[in-house]
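Trainee: For reference, the structure I am asking about is given below.
The values are calculated or read from the model by the stated rules, or taken from the named source; none is laboratory data. Please read these numbers as outputs of a predicted model, since none were measured by experiment. Please note: Cβ atoms are built from the backbone with ideal geometry, for glycine as well, and neighbour counts cover all protein chains shown.
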């Protein structure tokens with residue numbers, strides 16, 4: 001799909017809509033024309049777009065932007081921090097109303113910036129799942145809050161059971177918390193242990209840095225679900241998935257031998 | 001203003017034109033269409049745009065670009081390095097002429113790359129203040145030239161007395177000199193000491209890195225004046241000012257309790 | 001050329017087309033409108049555009065994009081990794097066909113991701129030089145593969161003799177391999193030794209980081225050939241070449257004294 005040359009033995013990518021091989025992109029304030037440009041170049045490679053954290057609150061062109069993505073067949077959702085901003089103010093019903101008002105079909109439930117009982121978080125997932133498709137996020141935005149692997153697994157399992165379509169492993173825009181060390185290095189033991197218990201196609205790994213994308217593609221394959229990809233990095237990521245950038249060039253050649 | 005949801009207890013931002021809470025943006029070579037896109041998304045949150053250092057010298061679309069910003073009600077000025085390039089060549093009167101020729105209403109006076117007697121710098125401020133609104137900058141672009149806090153204060157005071165509307169604390173595009181260490185870390189003692197003597201609303205702190213913005217917002221509040229913000233970072237900065245990004249989420253909640 | 005002010009004693013830049021002072025830009029997935037914006041601002045300062053590695057394979061708008069650059073008089077070529085992807089699959093004749101099919105006038109021959117006998121690489125240069133203007137690249141994308149200076153010289157000499165118009169010194173998009181250490185620092189001894197044997201105007205130094213650009217401009221002058229420049233960094237680079245940014249402000253003033 002949308003490959004210009006007759007190159008042989010390139011890894012296969014499933015067609016959209018797909019359950020694995022997802023690319024989730026972060027829009028943190030694109031203009032309408034920039035959204036059109038993004039769709040022209042990267043729309044075919046993009047599965048879903050997150051309007052990062054609460055940026056949608058201060059973006060003048062919100063309705064028009066959502067309409068543009070919709071007309072290109074790309075679902076959108078508001079970042080989890082927006083959900084948390086409503087929850088901490090006891091405005092959950094207002095949040096449900098704005099989801100309707102903007103015609104949202106997806107919503108994120110997270111607790112990256114607030115403390116919340118996990119049962120209560122799962123209740124929000126259940127409640128919102130009646131209204132939209134829910135994506136929930138595990139992991140704190142606070143670099144000092146580190147969970148043991150068994151806890152990540154327990155939280156992810158409970159959220160999937162509560163009705164999350166996918167669970168996101170937290171990294172922020174910078175890729176320096178959650179499943180990563182402050183340096184951006186992957187907490188490899190954590191990821192390995194999560195994968196012993198949680199089906200890999202149900203997880204979206206936030207991986208904004210190239211080295212993080214490469215690491216996950218080498219571990220799980222071309223069709224790993226990756227998130228927090230910057231708009232201009234979707235084309236580069238697609239080449240890494242296909243073994244057509246230096247970083248995975250050898251890796252996929254050795255696999256197809 | 002331009003907030004899409006009924007979120008309660010969000011810090012207030014004064015309407016433009018304002019004396020504090022300024023966001024100064026650096027344009028280092030946007031096309032006309034990119035300027036239009038920027039204005040669409042971030043114009044309402046932007047107080048003034050600097051055409052970085054001497055980039056305006058080699059930009060083909062200068063007159064049209066200045067007209068675009070003007071029609072959106074956003075003042076512009078040429079970076080201080082351009083002023084210095086004219087001064088070091090003994091072309092001050094040429095500089096005054098180009099300010100007129102391009103209809104500039106603001107100008108920056110700096111000595112980040114040249115050595116100049118401070119009395120002479122203040123004379124340039126006085127002279128240009130007859131023609132335009134002057135912003136002056138304190139601090140060297142040379143990482144090896146570090147001034148003691150009392151000197152920063154003395155220079156800032158003299159420049160404000162000479163007629164500067166605001167003084168800028170130097171950081172460059174990278175945020176790694178002047179009020180910051182090479183690592184980007186704030187020279188906290190320096191900032192604290194400056195604030196004992198200089199009214200905070202008269203200072204614009206260059207703060208290109210997110211951590212620097214967060215630090216100043218936590219110190220001074222939502223309505224601190226910040227500069228050298230990249231065009232695509234104005235929306236993210238606005239959410240940090242409002243406590244709607246992870247970095248200041250707790251901070252403002254605790255304040256409104 | 002395209003300088004807006006009557007600034008005296010600014011270093012001269014030759015007019016395009018030129019053999020030295022080249023700026024080679026990396027396009028890793030621009031939309032058509034972004035290409036138009038780039039040309040508007042930076043076209044006059046850009047000598048040649050590389051469609052990075054194999055990004056052209058997954059870019060939906062390839063033919064239209066190539067036509068846009070062509071109409072602006074800016075030559076283009078596909079990144080060397082695309083050449084290597086065809087070679088490793090024994091599809092060299094397919095590669096020759098796509099060069100024709102897309103009307104390419106330049107091609108890169110590299111071995112950054114594959115192992116190939118140097119005689120064979122030179123044969124590819126000879127063969128392609130019958131069809132297009134060849135640029136060849138020396139240096140591995142693998143940070144662990146470090147060549148001694150005499151080897152760089154030998155490879156460059158052989159490739160120029162085989163018919164390369166220019167040789168590129170490898171750095172990748174990140175600027176952290178080949179002629180640089182992992183930190184981005186220049187391997188100064190290596191560059192010095194290369195320059196004792198290879199004419200500087202035949203080399204394009206990949207230099208994506210500002211500090212790397214500054215280093216080469218101070219070593220070789222305003223009109224050094226630099227590559228892997230990001231589209232938004234062409235205007236900033238041009239000011240560094242002209243001594244109109246802090247980094248080279250003093251350097252060129254001292255030269256013209």
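Trainee: Residues of segment C:83-92 being away from every other protein chain (no Cβ under 11 Å) and surrounded by fewer than 17 Cβ atoms within 10 Å (Cβ to Cβ), which ones?
Mentor: Scanning segment C:83-92 gives a single hit, C:92.
Trainee: Just give me the residues in segment B:109-123 being surrounded by fewer than 23 Cβ atoms within 10 Å (Cβ to Cβ) and either touching a helix residue (DSSP H, G or I) at 6+ places or on another chain (Cβ under 8 Å) or under 17 Å from residue B:52 (Cα atoms) (or both), in sequence order.
Mentor: Going residue by residue through segment B:109-123, those that are surrounded by fewer than 23 Cβ atoms within 10 Å (Cβ to Cβ) are B:114-123.
Within segment B:109-123, B:114, B:116, B:118, B:121, B:122, B:123 qualify.
Trainee: Can you say whether residue B:35 is within 7 Å of another protein chain (Cβ to nearest Cβ), modelled with pLDDT of 95 or more, buried (at least 17 other Cβ atoms within 10 Å of the Cβ) and not in a loop (DSSP other than H, G, I, E, B), as far as the supplied structure shows? Step through it out loud before you land on a result.
Mentor: Values: within 7 Å of another protein chain (Cβ to nearest Cβ): no; modelled with pLDDT of 95 or more: yes; buried (at least 17 other Cβ atoms within 10 Å of the Cβ): yes; not in a loop (DSSP other than H, G, I, E, B): yes.
Taking the combined requirement at face value, the residue does not satisfy it.
Trainee: Suppose we filter A:77, A:69 for residues that are crowded, with 16+ Cβ neighbours inside 10 Å and assigned to a helix (DSSP H, G or I); which single one remains? Reasoning before the result, please.
Mentor: On the way: A:77 fails: assigned to a helix (DSSP H, G or I).
Just one listed residue meets the conditions, A:69.
Trainee: List the number of the failed condition for residue A:97; all other conditions in (1) in contact with a strand residue (DSSP E or B) (Cβ under 9 Å, 6 or more places away or on another chain); (2) in a helix (DSSP H, G or I); (3) without any contact (Cβ under 8 Å) to a residue 12 or more places away in the chain hold.
Mentor: Tallying (1) in contact with a strand residue (DSSP E or B) (Cβ under 9 Å, 6 or more places away or on another chain); (2) in a helix (DSSP H, G or I); (3) without any contact (Cβ under 8 Å) to a residue 12 or more places away in the chain, residue A:97 fails exactly one: (1).
Trainee: Still on this structure, please answer the following. Name the residue, out of B:17, B:11, that is under 15 Å from residue B:238 (Cα atoms), at pLDDT 95 or above and in a loop (DSSP other than H, G, I, E, B).
Mentor: Working: B:17 fails: under 15 Å from residue B:238 (Cα atoms).
Of the residues listed, the single one that is under 15 Å from residue B:238 (Cα atoms), at pLDDT 95 or above and in a loop (DSSP other than H, G, I, E, B) is B:11.
Trainee: Considering only segment B:106-114, I want to know if a residue exists there that is over 22 Å from residue B:24 (Cα atoms) and free of Cβ contacts under 8 Å to residues at least 24 places away in the same chain.
Mentor: Taking segment B:106-114 and keeping what is over 22 Å from residue B:24 (Cα atoms), we get B:114.
In the following step, the residues that additionally are free of Cβ contacts under 8 Å to residues at least 24 places away in the same chain were identified as none.
Scanning segment B:106-114, I find no residue that is over 22 Å from residue B:24 (Cα atoms) and free of Cβ contacts under 8 Å to residues at least 24 places away in the same chain, so the answer is no.
Trainee: Now, a different point. Looking at residue A:54, is it over 13 Å from the mean Cα position of the chain (by Cα) and within 10 Å of chain B (Cβ to nearest Cβ)?
Mentor: Considered against the rule, which asks whether it is over 13 Å from the mean Cα position of the chain (by Cα) and within 10 Å of chain B (Cβ to nearest Cβ), residue A:54 comes out as yes.
Trainee: For segment B:14-38, how many residues meet the condition of being touching a helix residue (DSSP H, G or I) at 6+ places or on another chain (Cβ under 7 Å) and either touching a residue at least 24 places away in the same chain (Cβ under 8 Å) or farther than 22 Å from residue C:42 by Cβ (or both)? Walk me through it before giving the result.
Mentor: Within segment B:14-38, the subset touching a helix residue (DSSP H, G or I) at 6+ places or on another chain (Cβ under 7 Å) is B:19-20, B:23, B:25, B:27-38.
Filter once more, keeping what is either touching a residue at least 24 places away in the same chain (Cβ under 8 Å) or farther than 22 Å from residue C:42 by Cβ (or both): B:19-20, B:23, B:25, B:27-32, B:34-36, B:38.
Final tally of qualifying residues: 14.
Conditions (1) part of a helix (DSSP H, G or I); (2) surrounded by fewer than 19 Cβ atoms within 10 Å (Cβ to Cβ), marked per residue:
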residue	(1), (2)
B:21	no, no
B:42	yes, no
B:50	no, no
B:65	yes, no
B:73	no, yes
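Trainee: Please go through segment C:143-154 and give me each residue that is under 30 Å from residue A:211 (Cβ atoms) and surrounded by 15 or more Cβ atoms within 10 Å (Cβ to Cβ), ordered by number. Steps first, answer last, please.
Mentor: Pass one, segment C:143-154, residues under 30 Å from residue A:211 (Cβ atoms): C:143-149, C:151-152.
Passing the criteria: C:147, C:149, C:152.
Trainee: Related question: Kindly check whether there is at least one residue in segment B:221-236 that is farther than 28 Å from residue B:41 by Cβ and in contact (Cβ under 8 Å) with a residue 12 or more places away in the chain.
Mentor: If we filter segment B:221-236 for residues that are farther than 28 Å from residue B:41 by Cβ, which is where we start, we get none.
No, segment B:221-236 contains no residue that is farther than 28 Å from residue B:41 by Cβ and in contact (Cβ under 8 Å) with a residue 12 or more places away in the chain.
Trainee: On to the next question. Being surrounded by fewer than 22 Cβ atoms within 10 Å (Cβ to Cβ) and at positive phi narrows it down to one of B:9, B:4, B:61, so name that one. If you could, list the steps in order and put the result at the bottom.
Mentor: Working: B:4 fails: at positive phi; B:61 fails: at positive phi.
That would be B:9, the only listed residue that is surrounded by fewer than 22 Cβ atoms within 10 Å (Cβ to Cβ) and at positive phi.
Trainee: What are the residues in segment C:124-142 that are in a loop (DSSP other than H, G, I, E, B) and crowded, with 22+ Cβ neighbours inside 10 Å, if any? Break it down into steps so the answer makes sense when it comes.
Mentor: Here is the first cut: in segment C:124-142, the ones in a loop (DSSP other than H, G, I, E, B) are C:130-132, C:139-142.
C:139, C:141 - these are the residues of segment C:124-142 that are in a loop (DSSP other than H, G, I, E, B) and crowded, with 22+ Cβ neighbours inside 10 Å.
Trainee: Can you tell me which residues in segment A:52-63 are under 23 Å from residue A:225 (Cβ atoms), in contact with a helix residue (DSSP H, G or I) (Cβ under 7 Å, 6 or more places away or on another chain) and outside any helix (DSSP H, G or I)? Working first, answer last.
Mentor: As a first pass, look at segment A:52-63 and keep what is under 23 Å from residue A:225 (Cβ atoms): A:52-53, A:55-56.
If we keep only those that are in contact with a helix residue (DSSP H, G or I) (Cβ under 7 Å, 6 or more places away or on another chain) too, we end up with A:53, A:55-56.
Within segment A:52-63, A:53 is the sole residue that qualifies.
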